[in-house]
Amino acid sequence: MAVIRLSEDEAIRDIKGLLARAHLGEEIVIEKDAAPGIVLRKAAPARRSISESIALAEARTRELGAKPVMDAGFAADLKEILQNRKPRGPAAKLLTLAAKHGLEAIA
């Protein structure tokens, strides 16, 4: 998408239109005294950490009375990835963490 550059005065005249364009993915640079000052653009979607996802799954389990179940294909892919690389960081503990929280593969 194009980058739109304009002065503060121009931005003030059409802030609603600029916000609409930013929502569509355009980047708007509002300059002050010919120097870039403020950038308007659509925010990146929020992402959850593994611990947040586990906490949500546990809360859902309590609400519904049913355990979350890992898809068999995903479980197999994850197991293969972990078996074929050097364990390091949080990814190395993913299967252990899943088992600890009662996640099972579908047979």
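The numbers here are math on the coordinates, done by the rules we state, and not lab data. Keep in mind that this is a model prediction, so the values were computed, not measured. When we count neighbours, we look across all protein chains shown, and the Cβ atoms used for this are built from the backbone with ideal geometry, even at glycine.
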Listed residue (Thr61, Ser51, Leu78) projecting farthest to the positive dipole end of the stretch 39-84, Cβ model: Ser51
Size of electric dipole in the stretch 1-73: Cβ of Lys, Arg +1 and of Asp, Glu -1, about Cα centre, debye, nearest 20: 360
Computed over the stretch 18-79: relative contact order in percent, which uses C-alpha pairs under 8 Å that are six or more apart: 19
The stretch 47-86 - Kirkwood radius from inverse mean 1/r over Cα pairs (Å): 11.8
